[in-house]
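This report refers to the structure that appears directly beneath it.
Every number in this text was worked out from the coordinates using simple rules, so none of it is lab data. Not measured: the values here are computed from a predicted model. Cβ placement follows ideal geometry from the backbone for every residue including glycine, while neighbour counts extend to all protein chains displayed.
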């Protein structure tokens, strides 16, 4: 009985301990990587927002709009590149309306069009977006 315990129970116990320790370490590494990616994203986005706000304040609205449009297109293209997204994002519907009024240009244009192709129309566009759409039809 003691020999069976040593040959079966101890290796099984060690396997369980190893699995738990490995899962905990993997979880910790995953959180660390996620935090690092989030910090990089926030830093990059913050820099773009500061540049856009600075451009608006000095009257360079064309530069500010170009920066903001690139942020929109990048976010839409990235979201569209995620296959089988489980939950719909209302902001994607708003982006679809925006891009119908102001078509995407540049390197993300094709990816934006593909990402927005199957996005449903919003129930109600925001008031400013509705105004932009009305102005673009004139």
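A compact table of results
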quantity	calculated
Structure-derived Kirkwood radius over Cα pairs in Å: which label, when the choices are (1) 14.8; (2) 19.1; (3) 29.4	(2)
Degrees separating the helix 90-101 axis from the principal Cα axis of the chain, which is the longest one	30
Rounded to 10°, Cα long-axis angle of helix 10-57 versus longest principal axis of the chain	20
Spacing of the two label points (7 Å from each Cα toward its C-beta) at residue 41 and residue 8, in nm	4.9
Neighbour-count order for 91, 36, fewest beta carbons within 10 angstrom listed first	36, 91
Residue-averaged [θ]222 nm for the chain, counting only DSSP H segments that reach four residues, each worth -39500 (n - 2.57)	-24500 deg cm²/dmol
Ranked list, fewest to most other Cβ atoms within 10 Å of each Cβ, for 33, 89	33, 89
Most fluctuating residue given options 112, 17, 42, as computed from a GNM of the chain linking Cα atoms under 10 Å	17
Modelled FRET efficiency - R0 30 Å, residue 28 with residue 78, Cβ distances, 0.05 increments	0.70
Prolate/oblate/rounded call for the range 76-138, Cα gyration tensor, a/c under 1.5 rounded	oblate
Nitroxide proxy distance, nm - points 7 Å out along Cα→Cβ at residue 71 and residue 58	1.8
Length-normalised contact order of the chain in % [C-alpha pairs under 8 Å, at least 6 apart]	19
Residue exposure sequence - 133, 97, 76 - by fewest surrounding Cβ within 10 Å	133, 97, 76
